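*Asks:* Dropping the structure in here first, questions after.
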Amino acid sequence: MKRNIVKRAVVAMGFCGLLACSDSFLDVNPVTDLTEDSFYLNAKDAERALVGCYDGFRTLWDDGIAFPTAAEIMSDNCFGGTGKGDGSSYKMLNNLDKATDPGNDDQFNQTWINYYEAIYRLNKFLSKLAGTELTDADRTRIEGEVRFLRAYCYFDMVRLWGNVPLKLEPTDTNDKQATPQEVFRAIGDDLKWASDHMNSVAWTAQWAATNDGHATSWSAKALLARVFLFYTGYYETGTLPLTEGELTKEQTLAYLEDVIAHGGFELVGEYKNLWLSTSHKSGKDGEKPILIPDTYAGEGNSEIVFAIKYNNTANWDNQVGTNKWLVMLGVRGSAAGYPYGQGWGAATVNPKLVTAFGADPRGVNSIINVETELPGTGVFKLKDHIAEMQEYTGYMNKKYTPLSNPDGSSYAEYVCPNTNTSFMICQFQDYFAIRYADVLLMAAELGSPQAQAYFNKVRNRAYAPNAAPVIQVSKDNILAERRLEFAFEGLRYWDLLRQGVQKAATTLETAENGTTTLTAGSADVVKLSAAKIIATKGLQQIPNTQITLSNGVLKQNTGW
């Protein structure tokens with residue numbers, strides 16, 4: 001069942017105007033008569049404001065290129081893909097080279113706006129929280145959730161752009177870019193506060209039924225570990241800066257061990273059961289053939305430490321709560337074939353990732369082999385699909401993709417209770433932002449005495465019900481394991497960068513440069529230069545519109 005923090009987003013929109021930034025390019029017009037003087041007064045107001053914060057967070061990727069999609073395309077897992085007439089924007093994202101799409105200097109402009117709108121809401125609420133009538137327990141819980149969301153936003157931004165303005169108050173000033181160290185310090189402060197102060201309630205199915213999608217002390221500790229590993233790797237240092245001291249490797253590991261020992265999380269029994277695309281069966285609704293869950297573990301299952309929630313209530317008149325980025329990753333064509341739904345063909349899969357999986361069962365549970373799974377029968381025509389595609393490789397991601405019923409109709413449209421809807425706007429699959437498998441592998445990487453056991457646990461689940469081949473735990477083996485375990489979940493590129501820009505650049509060039517794909521059915525050779533990745537330090541360009549609006553206060557990243 002979809003978490004009611006998202007279902008209540010429609011209600012939240014009634015006061016989101018109170019949380020809107022006043023810069024001209026960030027304005028959100030108030031839609032009610034509520035004012036700051038008549039709001040933020042009591043627990044009811046606080047809960048409504050919290051829903052507004054989650055709503056702003058959920059809409060980060062409603063426009064432009066979603067962060068997980070961008071991360072996969074920038075990695076060695078995927079190419080840009082999309083349709084033959086869609087331009088070279090996604091291709092430029094893949095190779096970090098402006099020459100690929102010279103006129104595109106605003107690729108992430110709407111993304112930039114969405115993140116700062118969300119941060120403004122979070123800062124506004126934090127600034128009002130002290131004056132709101134709440135119990136100490138509720139105040140601590142709410143502050144922890146809001147600080148987690150703010151840290152999550154800044155962690156995305158600082159990895160994508162490196163140099164961003166750091167706003168910790170609800171101001172509309174034209175601020176210069178902070179140093180990455182200053183941004184990471186703020187991220188660390190927020191997550192450490194949430195880790196240390198929020199109540200720690202162990203996961204149970206009953207708890208998840210009403211709390212799935214909420215940030216917790218467990219998710220804060222897990223995200224803090226992810227931040228620590230990236231910062232210390234990419235910036236080649238031993239600790240994460242905090243306003244009061246620093247976070248050490250030993251402290252980070254202790255947080256993860258706490259999640260493992262007391263969080264109540266467990267790996268789902270079989271890997272395929274994490275994804276509806278690999279754990280369904282066909283059924284009927286009357287005479288209509290439909291897709292129905294079979295062994296699917298469902299949302300809020302025991303492995304989900306934090307998820308971004310979506311719902312299935314969107315129509316053309318009201319698109320609140322829907323997963324708008326999922327359709328970009330679907331199989332492109334005039335129609336798609338069961339169980340895969342129609343989409344726009346972004347993030348085509350690098351055949352070398354297929355090779356990397358080898359006999360690992362996660363391969364067939366992560367990757368659509370278009371030519372064997374969709375051979376061109378029924379509503380899906382393979383030749384038309386290839387003719388429409390850009391950077392076609394024969395492979396698409398299976399984890400995050402639209403689905404269809406056995407008769408070829410959209411599963412999302414069927415499930416949506418509204419009319420006047422479309423597969424383009426009614427996708428509702430949650431994004432599993434942090435899984436328990438990540439907690440185990442991070443703890444192993446940080447040197448837990450149980451490192452081999454944690455590593456084996458993830459691998460044995462991957463091969464269940466059979467035993468996995470025995471591999472000795474090491475940093476290199478953990479990183480290789482992470483690529484297979486988390487393929488298409490938005491982690492691989494950052495795992496590469498935290499090994500050092502030089503190594504990441506060499507890995508990417510070796511994996512992608514010279515690969516022949518098909519665009520409109522003709523050969524299209526991938527061109528990716530390690531030198532360009534080194535020149536940009538693996539960062540994306542600051543949107544030119546934002547530089548212009550700042551009157552030059554913002555400076556473009558090197559290499560762009």
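Every read-out reported here was derived from the displayed coordinates using simple, explicitly stated rules and does not represent laboratory data. Since the model is a prediction, treat every value here as computed from it, not as a measurement. Virtual Cβ from ideal backbone geometry, glycine too; neighbours counted across all protein chains shown.
*Asks:* Calculate, in nm to one decimal, what residue 471 and residue 560 gain on full extension: separation in residues at 0.36 nm each, minus their alpha carbon distance.
*Replies:* Here the segment from residue 471 to residue 560 would lengthen by 27.9 nm.
*Asks:* Any idea which of 536, 210, 516 is furthest toward the positive side of the dipole for the chain, if Lys and Arg beta-carbons carry +1 and Asp and Glu beta-carbons -1?
*Replies:* Farthest towards the positive pole: 516.
*Asks:* Provide the packing ranking of 476-483, 503-510, i.e. peptides ordered by the mean count of other C-beta atoms within 10 Å per residue, highest first.
*Replies:* So the order, starting with the most tightly packed, is 503-510, 476-483.
*Asks:* Still on this structure: In the neighborhood of residue 177, defined by Cβ-to-Cβ distances under 13 Å, what is the net charge if each Lys or Arg adds +1 and each Asp or Glu adds -1? The partial results should precede the final answer.
*Replies:* On the way: positive: 167, 176, 555; negative: 175, 182.
Counting the neighbours of residue 177, the net charge comes to +1.
*Asks:* Let me know the volume per residue of the alpha-carbon convex hull for the chain, in Å³.
*Replies:* Working: hull volume 81.7 nm³, N = 560.
Cα convex hull per residue, to the nearest whole number: 146 Å³.
*Asks:* Below 20 Å, Cα to Cα, which aspartates and glutamates can residue 98 reach? Residues fewer than 8 away in the same chain don't count.
*Replies:* Partners within reach: 72, 76, 86, 106, 391, 509, 512, 524.
*Asks:* Here's a follow-up. For the pair residue 42/residue 209, report the inter-label distance in nm, with labels modelled 7 Å from Cα in the Cβ direction.
*Replies:* 2.9 nm
*Asks:* Next question. Pull up all non-local amide H partners of residue 524: gap of 5 or more, or a different chain, and H-to-H distance under 5 Å with H placed in the peptide plane.
*Replies:* Correct list: 517, 518, 519.
*Asks:* Return the FRET efficiency for the residue pair residue 101, residue 479: r is the Cβ-Cβ distance, R0 is 41 Å, and the value is rounded to the nearest 0.05.
*Replies:* In this case the efficiency is close to 0.85.
*Asks:* Length gain on complete extension for the stretch residue 127 to residue 236, per 0.36 nm per residue less the alpha carbon to alpha carbon distance?
*Replies:* Gain on extension, residue 127 to residue 236, equals 35.8 nm.
*Asks:* Next question, about the same structure. What is the packing order of peptides 74-82, 261-269, taking the mean over residues of other C-beta atoms within 10 Å and listing the highest first?
*Replies:* Per-residue mean Cβ counts within 10 Å order the peptides as 74-82, 261-269.
*Asks:* Counting only DSSP beta bridges with both residues in the chain, what percent are antiparallel, rounded to the nearest 5? If you can, show how the numbers build up before the last one.
*Replies:* On the way: 26 of 28 bridges.
The answer is about 95 percent antiparallel.
*Asks:* State the Cα centre-to-centre distance between region 430-466 and region 468-485 in whole Å.
*Replies:* 10 Å
*Asks:* Give the lysines reachable from residue 249 as a straight Cα distance under 22 Å; neighbours fewer than 8 places away on the same chain don't count.
*Replies:* The reachable lysines, counting only those whose Cα sits under 22 Å from residue 249, are 192, 221, 475.
*Asks:* Oh, and also: Tell me, rounded to the nearest percent, the portion of alpha carbon pairs in region 313-352 spaced more than 11 Å apart. All intermediate terms of the calculation are to be shown ahead of the outcome.
*Replies:* Working: 538 of 780 pairs.
The answer is 69 percent, as a whole percent.
*Asks:* Starting from the Cα gyration tensor of region 421-533, take the square roots of the eigenvalues, sort them a ≥ b ≥ c, and report rounded, prolate or oblate (rounded when a/c is under 1.5, otherwise prolate if a/b is larger than b/c, else oblate).
*Replies:* Verdict is oblate for region 421-533.
*Asks:* Take every DSSP beta bridge with both residues inside region 272-433 and express the antiparallel ones as a percent of the total, to the nearest 5.
*Replies:* Counting only bridges with both partners in region 272-433, antiparallel ones make up about 90 percent.
*Asks:* Also: Suppose every K and R has +1 on its Cβ and every D and E has -1 on its Cβ; what is the size of the dipole of the chain about the Cα centre, in Debye to the nearest 20?
*Replies:* Here the size comes out at about 940 debye.
*Asks:* Now, a different point. Roughly how big is region 272-433's charge dipole about its Cα centre, with Cβ charges of +1 (Lys, Arg) and -1 (Asp, Glu), in debye to the nearest 20? Don't jump to the answer; show the numbers that get you there.
*Replies:* Values: 13 positive and 15 negative charges, 48 e Å.
Rounded to the nearest 20 debye, it is 240 debye.
*Asks:* Taking H placed 1.01 Å from N in the peptide plane, check which residues at least 5 places from residue 368 or on another chain put their amide H under 5 Å from its amide H.
*Replies:* The answer is 396, 397, 398.
*Asks:* Which whole-angstrom value gives the distance between the alpha carbon centres of region 200-278 and region 370-388?
*Replies:* Taking the Cα centre of each part, region 200-278 and region 370-388 sit 40 Å apart.
*Asks:* For residue 355 and residue 254 in one chain, what is 0.36 nm times their gap in residues minus the Cα-Cα distance, to one decimal in nm? It would help to have the intermediate numbers written out before the result.
*Replies:* Working: separation 101, 0.36 × 101 = 36.36 nm, distance 3.61 nm.
Full extension from residue 355 to residue 254 adds 32.8 nm.
*Asks:* Answer rounded, prolate or oblate for region 272-433, using the Cα gyration tensor with square roots of eigenvalues a ≥ b ≥ c: rounded when a/c is under 1.5, else prolate when a/b is larger than b/c, else oblate.
*Replies:* rounded
*Asks:* For every other residue with a beta carbon closer than 10 angstrom to the beta carbon of residue 121, add +1 if it is Lys or Arg and -1 if Asp or Glu, then tell me the sum.
*Replies:* Once positives and negatives cancel, what remains is 0.
*Asks:* Another one. Which of the peptides 173-185, 234-246 is most tightly packed, and how do the rest follow, judged by the mean count of other Cβ atoms within 10 Å per residue?
*Replies:* Ranking the peptides 173-185, 234-246 by packing returns 173-185, 234-246.
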